[in-house]
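What follows is a single structure, written as structure tokens, with notes after it.
The values are calculated or read from the model by the stated rules, or taken from the named source; none is laboratory data. Just so it is clear, the model here is predicted, and its values are computed rather than measured. For neighbour counting, all protein chains shown are included, and Cβ atoms are generated from backbone atoms with ideal geometry for every residue, glycine included. These accessible areas exclude ligands, DNA and RNA; they are computed on the full protein's heavy atoms, side chains included. Shrake-Rupley method; radii C 1.70, N 1.55, O 1.52, S 1.80 Å.
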Amino acid sequence: MELVNEPKTKRGMETLEKISKAAEELFSERGYYDTGIVDIVLKAGIAQGTFYIYFNDKKSLFVYLINKLGKELRDSIRLNTKVSRDRYDEEYMGIKTFLNFVGEHIGLFKIVWQAQFVDAELFKEYYESFSKGYVKGIKKAQEKGEMADIDPVILSYCLIGIANFTALKSIEFDGRNDDYDTVVEEVMKFIKNGAFKK
């Protein structure tokens, strides 16, 4: 089953974006189960029938939104790390890009983590797709001697966890949404040197 009926016009794309933005805000604020299609269309400023031109139901929209945000985040990281000199620089830029993205899409955490209860397989796929991309980069860096010989999958999840919880603390808990250079510098100190003195 197709998640979304992709529009073919500029106006259609604008309407789809309105629905996505409204859903992102509402799923973040109220949660999936406390948000109805009526709430989404009211916030989007469209007729209820218009919703069904694009989506069959609320679940289709939820899955579409997580996939959309995940793809936008991965594309943004890929773009911003393209000119990195080495793996350290790539990691630095990747974490900074992630923080900036989450700062603009603060609901990302809440929406993705709700997927555990809405669709556990979707939640797993979201992180597995990030890990797959990470593993490729880690293996290349290990072959060049830039990263330690640690299981690439385990290492990918360690790095994903560091980025996730640093963003959660800095942005969600502390309400920061500006310059993340100091935060990234501290994270990179840990990634490069570890937590224990040698």
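Computed quantities for the displayed model
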{"item": "Elements of type helices (runs of 4 or more DSSP H) contained in the range 49-136, each with 2 or more residues being under 12 Å from the mean Cα position of the chain (by Cα) and farther than 15 Å from Ser28 by Cα", "result": "58-81, 87-104"}
{"item": "Enumeration of residues in the range 37-64 that are among the β-branched types (Val, Ile, Thr) and either touching a helix residue (DSSP H, G or I) at 6+ places or on another chain (Cβ under 7 Å) or under 18 Å from Leu108 (Cβ atoms) (or both)", "result": "Ile37, Val38, Ile40, Val41, Ile46, Thr50, Val63"}
{"item": "Options Gly49, Gly133; residue that is surrounded by fewer than 16 Cβ atoms within 10 Å (Cβ to Cβ), within 17 Å of Leu16 (Cα to Cα) and either out of contact with any Leu (no Cβ under 7 Å at 6 or more places or on another chain) or free of Cβ contacts under 8 Å to residues at least 40 places away in the same chain (or both)", "result": "Gly49"}
{"item": "Residues (surrounded by 17 or more Cβ atoms within 10 Å (Cβ to Cβ) and farther than 19 Å from Ile106 by Cβ) located in the range 65-82", "result": "Asn80, Thr81"}
{"item": "Number of the condition not met by Lys139 [criteria: (1) under 17 Å from the mean Cα position of the chain (by Cα); (2) open to solvent by 80 Å² or more (accessible area, probe 1.4 Å); (3) at pLDDT 95 or above]", "result": "(1)"}
{"item": "Matching residues, the range 142-159, being closer than 19 Å to Met188 by Cα, open to solvent by 20 Å² or more (accessible area, probe 1.4 Å) and not acidic (Asp, Glu)", "result": "Gln142, Gly145, Met147, Ala148, Ile150, Pro152, Ile154, Leu155, Tyr157, Cys158"}
{"item": "Asn100 being polar (S, T, N, Q) and surrounded by fewer than 17 Cβ atoms within 10 Å (Cβ to Cβ)", "result": "no"}
{"item": "Tally of residues being surrounded by fewer than 16 Cβ atoms within 10 Å (Cβ to Cβ) and within 15 Å of Leu99 (Cβ to Cβ) across the range 177-189", "result": "7"}
